[in-house]
1. Write out, first by first residue and then by second, each pair whose Cβ atoms fall under 8 Å of each other, whose residues are 6+ apart or on separate chains, and whose first residue, in segment 1-29, is closer than 13 Å to Lys56 by Cβ and among the aromatic types (Phe, Trp, Tyr) while the second is in a loop (DSSP other than H, G, I, E, B) and modelled with pLDDT under 90.
2. Answer yes if at least one residue in segment 56-69 is at pLDDT below 90 and more than 22 Å from Phe88 (Cβ to Cβ), and no otherwise.
3. Give all pairs with beta carbons closer than 6 Å in which a residue from segment 41-67 that is on the phi > 0 side of the Ramachandran plot meets a residue that is modelled with pLDDT under 90; count only pairs at least 6 apart in sequence or on separate chains.
4. In segment 55-81, which residues are open to solvent by 50 Å² or more (accessible area, probe 1.4 Å) and out of contact with any strand residue (DSSP E or B) (no Cβ under 9 Å at 6 or more places or on another chain)?
Amino acid sequence: MTEEETKHYAVQAVLRAAIREDFVNRLGNLRHSIGTYDRLIRATVPIIKEENLQTKYFILLSFDIGTDVKGIIENELIPYTHKNIISFA
């Protein structure tokens, strides 16, 4: 994808995550969203600072097909971001 296409994809991914917030009361908070395509896997992971629930960041990742995306996100990325939440300005 071109840089412009990547930017467009990132905006759409964040908008999709924001739309899902309408269902937080019924489903709970979004932990991550994973999309599997023919050529790659894309993941969106929200980072929320607990002292200010309105402050959110999103990490957008791409993985090769066949990667244990859920394991990486849940066992490595999320614990790392929680441990280093102060780094998110």
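The values are calculated or read from the model by the stated rules, or taken from the named source; none is laboratory data. These numbers were taken from a predicted model, which means no experiment stands behind them. Here Cβ is always computed from backbone atoms with ideal geometry, including for glycine, and neighbour counts include all displayed protein chains. Only protein heavy atoms, including side chains, enter the accessible area calculation; ligands, DNA and RNA are left aside. Shrake-Rupley method; radii C 1.70, N 1.55, O 1.52, S 1.80 Å.
1. Taking only residues 6 or more apart or on different chains, not a single pair turns up.
2. no
3. Cβ pairs passing all conditions: none.
4. Passing the criteria: Asp68, Glu74, Asn75, Glu76, Pro79, Tyr80.
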